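Report on the structure given below.
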Ligand SMILES: NC(=O)c1ccc[n+]([C@@H]2O[C@H](COP(=O)([O-])OP(=O)(O)OC[C@H]3O[C@@H](n4cnc5c(N)ncnc54)[C@H](O)[C@@H]3O)[C@@H](O)[C@H]2O)c1
């Protein structure tokens, strides 16, 4: 198990206070990493850091807020991260955004929404890598994990959204085109970086979660689960094993790959 150990490593997690991101931050700290929690709300970043520090007792988490939709914000944030940490070993590009009309039909989807989602999910990821990657390259070691989605790999089965409801998101849900396109771009970004920074000792991989149970109504959960060979939606915890594998030396020869954690949904 030594190869999974993250003692002494520094990990940056974007979208670090979200459903999956908060668990990633906690798990990385439990595995011994110092964790920089990067998300848009500074209060939530600091609150989560305090929570993780009090439960793990190792004081390894710290909040560092950033707006990934703004180049100036990412630049200032990255300068602070590089100043406050002697090195960066792991970057987890996990943030993704929704826009005001995220669930609008394609024929009515506003350009502003398209640009906003691409601006965070794709351009924001590029900015993080541009600002932090060279410091990794200079040290000749590091692991980058870019988070995609099954809908960056396959098209959504549109039938599963009939009768869907997600209270927290204000109603019926679907997967808009911009989400799939942004998540497909993530996989391309990983492959490019695997060959671009691989010769400098940096491994870049994609982690692709399947649909995570987080408040969807039972009609949606049942329709989704019927498509999954394992017969259920993912729990956030299902992602942690693959995350720690990719982050750690346990995956020392894995580069440019996409680990799909979807219960087999994309197997047929
Ligand atoms: N939950 C799922 O079912 C699922 C399935 C497949 C893939 N994913 C992917 O996993 C990742 C995490 O998903 P999640 O379910 O935890 O989502 P989430 O919405 O809970 O978390 C995303 C986080 O990104 C942050 N964020 C959004 N815009 C930002 C910005 N401009 N600057 C900084 N941070 C910003 C949000 O504040 C949020 O905390 C996403 O990339 C998502 O696409 C999730």
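Only the coordinates and a few stated rules stand behind these numbers; no lab work does. The shown structure was predicted, so the numbers you read here are calculated from the model rather than taken from an experiment. Backbone-built Cβ (ideal geometry, glycine too); neighbour counts: all protein chains shown.
Listed values, structure above:
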quantity: Rounded to 10°, Cα long-axis angle of helix 71-84 versus longest principal axis of the chain; calculated: 40 degrees
quantity: Packing-based order for 213-225, 171-183, using average beta carbon neighbours within 10 Å, highest first; calculated: 171-183, 213-225
quantity: Span from the the stretch 73-93 Cα centroid across to the the stretch 235-257 one, whole angstrom; calculated: 21 Å
quantity: Difference of contour (0.36 nm per residue) and Cα-Cα distance, residue 159 to residue 172; calculated: 3.4 nm
quantity: Two-decimal ratio, the stretch 1-117, of alpha-carbon radius of gyration to 2.2 N^0.38 Å; calculated: 1.19
quantity: Rounded to 5, the percent of DSSP beta bridges in the chain classed as antiparallel; calculated: 5 percent
quantity: Ordering of 94-104, 187-197 by burial proxy (mean other Cβ atoms within 10 Å per residue, highest first); calculated: 94-104, 187-197
quantity: Helix axis angle, 19-30 relative to the chain longest principal axis, alpha carbon, degrees; calculated: 30 degrees
quantity: Computed lengthening from residue 130 to residue 54, 0.36 nm per intervening residue step minus Cα-Cα distance; calculated: 24.1 nm
quantity: FRET efficiency estimate (nearest 0.05) - Cβ-Cβ, residue 112 to residue 1, R0 41 angstrom; calculated: 0.30
quantity: Estimated [θ] at 222 nm from DSSP helical runs (n ≥ 4, -39500 (n - 2.57)) normalised by residues in the chain, nearest 500; calculated: -12000 deg cm²/dmol
quantity: Separation in nanometres of the label points that stand 7 Å from Cα toward Cβ, at residue 19 and residue 137; calculated: 3.6 nm
quantity: Inter-centroid distance (Cα atoms) of the stretch 170-189 relative to the stretch 123-164, Å; calculated: 11 Å
quantity: Reference-scaled alpha-carbon Rg (2.2 N^0.38 Å with N residues) for the chain; calculated: 0.97
quantity: 14 Å reach of a label modelled at residue 219, 7 Å along Cα-to-Cβ, counting backbone N of the stretch 169-200; calculated: 171-174
quantity: Full-extension gain in nm, residue 82 to residue 258, via 0.36 nm per residue minus C-alpha separation; calculated: 60.6 nm
quantity: Between 0 and 90°, nearest 10: helix 177-196 axis offset from the chain longest Cα axis; calculated: 30 degrees
